[in-house]
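K.L.:
Let me give you the structure first, and then I'll get to my questions.
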Amino acid sequence: MINPHFLDHVSQDIYRQFPEMKGVNPKVRAQPGAKNSGGGAQGSAYLLTFETHTSLANGAKLARLVRVTVDSNGKILKITTSR
C-alpha cells in the first residue's frame, strides 16, 4: 500500500491544481508492472482517482474526474482529467 505521507502530499498537490477536488479522498489502486520514474525499470505504481460533481450555471451536475499515477516514492508520473 502507498505510504500515507506520500498520499497526503500528492493530495495537497492535486487540491492546489484542482480546487474543486479539495476534501475528496482518492480511491487508490496498485498498478503492478508500471514503469518507474527512474528510466523504465519495472516497479510498483499507484493510480489515485479523485471524483466529484460540480454544479453548472443551468443547475445541471457535471462529474469531474482526476486520475493521478504515482510511483512508490510518491512522485507524480502522470495526471489526466475529464471535463
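K.L.:
How far, in degrees from 0 to 90, does helix 4-17 lean away from the longest principal axis of the Cα atoms of the chain, to the nearest 10?
P.N.:
40 degrees
K.L.:
What ranking of TYR46, TYR15 emerges when the number of other C-beta atoms within 10 Å of each C-beta is taken as an exposure proxy, fewest first?
P.N.:
TYR15, TYR46
K.L.:
Let me ask something else about it. Per-residue counts of other Cβ atoms within 10 Å, averaged by peptide: what ranking do you get for 1-7, 63-69, highest first? List each step's numbers first, then the result.
P.N.:
Details: 1-7: 12.7, 63-69: 16.4.
Those peptides, ordered most packed to least, come out 63-69, 1-7.
K.L.:
Which distance in nm do the two modelled labels at LEU47 and LYS75 give, with both placed 7 Å along the Cα-to-Cβ direction?
P.N.:
In this crude spin-label approximation the distance works out to 2.2 nm.
FYI, it's all coordinate maths here, none of it is from the lab. Note that the structure is a prediction, hence the values are computed from the model and not measured. Glycine also receives a Cβ, built like all others from the backbone with ideal geometry; neighbour counts cover every protein chain displayed.
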